[in-house]
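The values are calculated or read from the model by the stated rules, or taken from the named source; none is laboratory data. Remember, it's a predicted structure, so these values are computed and weren't measured experimentally. Every residue, glycine as well, gets a Cβ built from its backbone with ideal geometry; the counts of neighbours run over all protein chains shown. Accessible surface areas use protein heavy atoms only, side chains included; no ligands, DNA or RNA. Shrake-Rupley method; radii C 1.70, N 1.55, O 1.52, S 1.80 Å.
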Amino acid sequence: MHWAERIAEELINENPDKEEFLCAAGTSPSGSVHIGNFRDVATPLFVVEALKRKGKKARLMLSWDEFDRLRKVPKNIAAIAPDFEKYIGMPYCVIPDPHGECESFAEYNEKEYEKSLEELGIDIEYRYQGKEYRSGRYIGGIITAMKKRKEIYDILMKYKTQDSDEGERETYYPIGVYCSKCNKDFTEVLSYDEDKDEITYKCKVCGNVETVNLRTYHMVKLMWKIDWPMRWGVEGVDFEPGGIDHAAASGSYVVAKDIAKEIFGVKAPKFQPYGWLSIAGLGDMHSSTGNNITPATVLEVYEPEMVRWLFAKYAPTDGFAFNFDDTIIRHYSEFDKGLEAVKNGEADEYNKAVYELCMIRGINVKAKVPFGVLASVAPIVDFNPQAVREILAKIGVEFDERDEERLERVKNWITKHQPSKMYKLLAKRNDEYYATLNDEEKEAIKKLAEYIESRDFVAEQEVQQYLYGIINKPELTKKENTARQQRFFAVFYNVLFGTDKGPRLYLFLSAIDRSKYLSLLKF
């Protein structure tokens, strides 16, 4: 059984009379949202789909925590706005957009991510916490938390190692206050009048001292472990995932679960911890540091269904890394083969469910030209779709409009991330390199040139067999012949491209007009 189906079944069993479920996610727009955050949306997304297949109504909601404070300046923002530190302590939703495109820093990051979610085919509702808090929607929750602040303090202390302090308990307030003068939360609550629901606070930045009524002053936010359970009750959340750290013995979910029950009188939603994703060679991703790869960046090289496939096939607790090396070719190959297995009825139950969850246009779609084939051919003709179509037609491969979408991603991958794969034929014979070869290597070049010249048409499979025929020796072991293949292919690539590596050689030799490269093989 797929992990999303298991969670859906558990939700139904725990709430047998419930007809509609709300599955939620939450993200802070502290910078460009990275692909790792997509797990926070993907996990409930697949649970929603599983619930629907089991006959239940289900909704997906993303809460933008834009009323959180700016803690530090992302590296990429510091580069374009050196003075951005002056906004530290302000809520993201009131900080100006340093790009000059949106009304706020929060909105810029939100719209960037929302555009990617749309491309990923996701039907989702949004809650903007800056709007929700400032509308007064959470007044009831704030007042409840303030009146039960000592009980909240006791709950929090249960999960801390230090002893409770009566003086600290008396002055504990579960809120952060944004100053009405400077919009920063470097404030201290001096007193609280429970009868009037008024607080007096002092700003440590500008010195402002002010008494405000919590029912009318909406620049007040509950602390995270109180804010989260309060919103569970307001929205009626049934399922929400979170980082694996939230599920620790004293993690946010564990604490919030108690607060939900004891303070707000609501049942905490079912929780699923998830593991972290990383960028190969760079470590964990963090929006607030700028060390990230955004979904938009990933979608430049991965098709939307493939992004969904990666998140669907791995259990939420399984971590994996994104990178832009040849792993992408392997991912595309695995994805294509898996889809064909599902279409042919050869996939197991788990993988069948994976593709049902990830395919935006349905499973019965026409197979595309392999990514690796396009990567071998396209750079030679500067990624021109018509030229690629003509080359592939020579080897009996059909190329249509949907393949053009994949070709564009091949182009992005090579030009932006793998420029060394931009193989171009040499303008003249590589005589200097040829002089360094031994007799056997020179003979192999001669034989290949003669073979190419003697054929009216160079067939892919035939030239492949011929290449291995002149390289391999029957008396050698497989390991020894593999070493010879690596050596001789490097020879062929150097005389054609001046590099040790190149496109899939037999495909190149059969697809490209031989008049463009034959002279480079004739010494």
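Taken over the stretch 216-234, the criterion of being part of a helix (DSSP H, G or I) and open to solvent by 30 Å² or more (accessible area, probe 1.4 Å) is satisfied by W224, K225, G233, V234. Take the conditions (1) of a type outside the set (A, V, I, L, M); (2) touching a strand residue (DSSP E or B) at 6+ places or on another chain (Cβ under 7 Å); (3) outside any helix (DSSP H, G or I); K52 misses just one of them, which is (3).
Of the helices (runs of 4 or more DSSP H) contained entirely in the stretch 340-419, those carrying at least 1 residues that are open to solvent by 60 Å² or more (accessible area, probe 1.4 Å) fall at 349-358, 385-394, 401-412. Among the residues making up the stretch 86-111, those that are acidic (D, E) and open to solvent by 60 Å² or more (accessible area, probe 1.4 Å) are E101, E103. Among the residues of the stretch 46-69, are any more than 30 Å from L310 (Cβ to Cβ) and free of Cβ contacts under 8 Å to residues at least 60 places away in the same chain? Scanning the stretch 46-69 turns up no residue that is more than 30 Å from L310 (Cβ to Cβ) and free of Cβ contacts under 8 Å to residues at least 60 places away in the same chain. Of everything listed in (1) of a type outside the set (G, A, S); (2) open to solvent by less than 40 Å² (accessible area, probe 1.4 Å); (3) under 16 Å from D382 (Cα atoms), the single unmet condition for L437 is (3).
Report, by residue number, each residue of the stretch 12-35 that is surrounded by fewer than 23 Cβ atoms within 10 Å (Cβ to Cβ), assigned to a helix (DSSP H, G or I) and touching a residue at least 60 places away in the same chain (Cβ under 8 Å). Result: E14, single match.
Flag: K184 does not match the condition of being outside any loop (DSSP other than H, G, I, E, B), open to solvent by less than 80 Å² (accessible area, probe 1.4 Å) and either under 26 Å from D258 (Cα atoms) or touching a strand residue (DSSP E or B) at 6+ places or on another chain (Cβ under 9 Å) (or both). Residues of the stretch 55-75 that are part of a loop (DSSP other than H, G, I, E, B) and open to solvent by 10 Å² or more (accessible area, probe 1.4 Å): G55, K56, D65, E66, D68, R71, K72, V73. Every condition in (1) under 20 Å from the mean Cα position of the chain (by Cα); (2) at pLDDT 95 or above; (3) open to solvent by 70 Å² or more (accessible area, probe 1.4 Å) holds for D326 except the one numbered (2). Here A296 fulfils each of the conditions (1) assigned to a loop (DSSP other than H, G, I, E, B); (2) modelled with pLDDT of 90 or more; (3) open to solvent by 20 Å² or more (accessible area, probe 1.4 Å) apart from (1). Suppose we keep only residues that are at pLDDT below 95 and open to solvent by 70 Å² or more (accessible area, probe 1.4 Å) within the stretch 128-163. Which one would you say is nearest to the chain's Cα centre (by Cα)? In this case the residue turns out to be K160.
Which of the residues that make up the stretch 440-464 are open to solvent by 50 Å² or more (accessible area, probe 1.4 Å) and closer than 16 Å to Q485 by Cα? Reasoning before the result, please.
To start, the set of residues in the stretch 440-464 that are open to solvent by 50 Å² or more (accessible area, probe 1.4 Å) comprises 440, 442-443, 446-447, 450, 453-457, 460-462, 464.
Within the stretch 440-464, E440, K442, E443, K447, Q464 qualify.
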